[in-house]
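The structure under discussion appears below in the form of C-alpha cells.
Just so it is clear, none of the values below were taken in a lab; they were calculated from the coordinates. In this text the structure is predicted, and so the values were computed from the model without any measurement. When we count neighbours, we look across all protein chains shown, and the Cβ atoms used for this are built from the backbone with ideal geometry, even at glycine.
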Amino acid sequence: SLVGNKEYGNFIARLCTPNVILMKLDLEHATSGLGADLNNIAFMLCTADLLDIKALVEHCRTHKFDLENTLNIKVAKSAPKVFFKGIISEKARSHDDPSTVTDDVKTLNDTDVLSNDTDIVSPFFNLITLCSYVQLERIDAYLQENSKITLDQLIDKKFPRKQMSNYLKMWVRRPPAAFSYLLSLVGRQPDVMSVVCSRQDKSFFASV
C-alpha cells in the first residue's frame, strides 16, 4: 500500500511472501478459470526442487486445496495432465537405478506421446517424472553414446510443438539450470519475470 505503482507494489508484496504460499496462490490462480494456465503451472513445478514440491503438496493438503484433483479437472489435455500429476506424486524423482537405463530409454523411445489416449501417453510421463536427476543424466549419456542424440533432442523429436517440449526440458534439468532455461524463454516478458523471479530467494539466484 506504500508503493504507488501497482506493478511494483505487487512485486514487493510477493517478495515478502514465503515461497510455498506463493506457489499455492499461483496454482490457484492458474486453475481459477474454465481451464488452466499450463505455462504458469509448468514454470512453477518444472523448476522447483523436490523439497519445494513436497512442501507445496503438504501446504495444499493442510489448507484444504486438493491439488491433484484440481489438475485432473482443470487440465484438459492428457499429456500435461499426466506430467503434472507425476511431478506432485510421492514417487517423483525416486527412480535411480543404473541397471534399467536401457529399458528406460526403450520406454521413452517407444511411447506414442502424440496420442490423446491417457493410457498410451502415461508410460513416458510416468517414467520421466519418476527419474532422479542422476538417472536422467545416465539416460542422456546412453542416448548420446548409442543413438548419437541428446535427451533434449529426443524430447524435441517426441514433441514437435514447443510448449510441452519446453516443459520437459526444464524438468530434466537441475533447478538452477531449469530456471536459467526458463529465463531464456520469458526474459522479455516483464509480467512473467515478476512472477517467476519473486518465487525464488537470493541464494537460488547465486546458483543460477
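For the reader, a short list of remarks on this structure follows.
- Inter-part distance where the stretch 1-70 and the stretch 155-201 are each reduced to a Cα centre, Å: 16 Å
- With one equal scatterer per alpha carbon and no solvent term, the Debye-computed log10 I(q)/I(0) for the chain at 0.13 1/Å reads -0.74.
- Student exercise, the chain dipole from Lys, Arg, Asp, Glu Cβ charges, in Debye to nearest 20: 520 debye
- Sequence-distant residues sharing a close amide H with CYS131 (under 5 Å, placed H): ARG93, HIS95
- Rounded to 0.05, the FRET efficiency of the SER89 and THR62 pair, given R0 = 22 Å and the Cβ-Cβ distance, is 0.75.
- Choice from PRO190, PRO80, PRO18 showing the highest fluctuation, given a GNM over the chain with Cα pairs closer than 10 Å: PRO190
- Pairs of Cα atoms in the stretch 106-208 fall into 10 Å distance bins, from 0 up to the last occupied one, in shares of 13, 42, 30, 15, 1 percent.
- Other residues lying with their Cβ under 13 Å from the Cβ of TYR181 contribute a combined charge of +3, Lys and Arg counting +1, Asp and Glu -1.
- With 19 Å as the limit, the listed pairs LYS91/LYS157; LYS24/LYS77; LYS6/LYS74; LYS24/LYS85; LYS24/LYS74; LYS85/LYS169 have LYS91/LYS157; LYS24/LYS77; LYS6/LYS74 beyond it between alpha carbons.
- Counted charge near GLN200, where neighbours are those whose Cβ lies closer than 13 Å (Asp, Glu -1; Lys, Arg +1): -1
- Kyte-Doolittle mean at least -1.0, axial Cα span of 15 Å or more - DSSP H helices of the chain: 19-30, 50-62, 118-130, 133-146, 175-186
- For the stretch 15-119, the Kirkwood hydrodynamic radius comes to 15.1 Å, computed from all pairs of different C-alpha atoms.
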